[in-house]
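Nothing in this text is a laboratory measurement; each read-out follows from the coordinates by a stated rule. Note that the structure is a prediction, hence the values are computed from the model and not measured. Neighbour counts run over all protein chains shown; Cβ positions are idealised from the backbone, glycine included.
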Amino acid sequence: MNRIDKKFIELKEKNKKAFIGFITAGDPTLAKTSDLVHALEEAGTDIIELGIPYSDPLADGPVIQMANQRAFKNADLSVSSIMDMVRAIRKSTEIPLLYLVYINTIIVYGKERFIKDCTEVGIDGLIIPDMPFEEREELMELISETDLALIPLVAPTSMDRIAKITEGCKGFVYCVSSLGVTGRSSEFHEDIKDYLKDVKSKTNLPIAVGFGISNKKDIDVLSDLVDGVIVGSAIVQIVSEGDGDVEIVKKFVRDLTN
């Protein structure tokens with residue numbers, strides 16, 4: 001059982017939902033990213049996603065695309081330097097850590113090397129938004145010998161394939177949607193609620209949802225339907241506005257988790 005599983009069990013026993021926060025590694029610097037990981041944990045984050053910057057992040061919106069561009073301005077940024085950062089972070093925290101990484105980054109680094117290094121530095125799970133199904137089998141084989149969780153992504157357009165998408169996966173199901181919000185931020189489409197209930201009925205894994213969640217009202221509305229909520233762009237925007245000031249980020253996240 002890895003840290004992700006333990007965290008969801010721990011939260012379920014307390015009747016709480018997971019707050020999953022996302023930041024981009026290297027934005028504004030790797031040193032600041034390390035500080036931000038600790039700040040997010042202190043502010044009540046349960047699981048942290050670290051985005052490995054990619055030059056063409058098609059699955060990300062403009063806020064995270066800009067964060068990738070800022071990160072690439074750092075001369076010391078590489079997959080190896082991000083691994084070193086995580087290794088150092090692991091000396092002082094047991095919070096579950098995930099990479100959000102594009103498949104080409106893994107291929108260039110070397111699949112076996114990437115999985116081996118993730119395990120060695122203390123990464124708990126991988127989210128690969130653009131992974132073709134044919135690449136998945138080989139990665140699953142490499143991952144099956146480790147405690148790493150491959151986090152499946154599902155969308156309303158993939159409902160008929162949920163069983164296939166989640167087969168062999170661990171951790172939680174990442175539910176994405178482009179349906180978004182109508183009117184006030186807390187007025188979610190009924191379609192989204194139906195979609196989340198449908199996903200929940202088709203998997204035994206915890207489900208977490210992330211699509212433009214940016215305030216406490218959004219979280220409160222969705223919490224009854226899911227096991228966790230994912231906040232990404234809203235945190236990355238605060239990191240950008242404050243140039244990585246940990247106190248500003250901590251206050252923003254604490255307001256969401258309390």
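Could you put F114, F252, F172, F133 in order, starting from the residue whose Cβ has the fewest other Cβ atoms within 10 Å?
Working: F114 23, F252 20, F172 28, F133 9.
The fewest-first ordering by Cβ neighbours comes to F133, F252, F114, F172.
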Revision key, fill the gap. Summed over the other residues with a beta carbon less than 13 angstrom from that of P152, with K and R at +1 and D and E at -1, the charge totals +4
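Given an 8 Å cut-off on Cα distances and at least 6 residues of separation, report the relative contact order of the chain as a percent.
After rounding, I find 24 percent.
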Revision key, fill the gap. The summed charge of the V101 Cβ neighbourhood (under 11 Å; Lys/Arg +1, Asp/Glu -1) stands at -2
Check your understanding: How do 32-42, 63-73 rank on mean C-beta neighbours within 10 Å, highest first?
Key -> 32-42, 63-73
Review point. Add -39500 (n - 2.57) for each DSSP H run of 4 or more in the chain, then divide by its residues: what number comes out at 222 nm, to the nearest 500 deg cm²/dmol?
Key: -14000 deg cm²/dmol
Check your understanding: Among I127, F114, A88, whose Cα sits farthest toward the positive end of the charge dipole of the range 87-144 (+1 at Cβ of Lys/Arg, -1 at Cβ of Asp/Glu, about the Cα centre)?
Key -> A88
Check your understanding: Could you give the distance between the Cα centres of the range 207-232 and the range 132-162, to the whole Å?
Key -> 22
**Study point:** Spatially proximal lysines relative to K32 (Cα-Cα < 21 Å; intrachain offsets below 8 disregarded)
**Key:** K73, K91, K250, K251
Practice item. Mind jotting down the distance between the C-alpha centroids of the range 46-70 and the range 240-258, whole Å? Key: 18
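Considering only the chain, what is the antiparallel percent among its DSSP beta bridges, to the nearest 5? Present the calculation step by step, with values, prior to reporting the outcome.
Numbers: 1 of 26 bridges.
About 5 percent, rounded to the nearest 5.
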Revision key, fill the gap. Applying the gyration tensor rule to the Cα atoms of the chain (axes a ≥ b ≥ c; rounded if a/c under 1.5, else prolate if a/b exceeds b/c, else oblate), the class is rounded
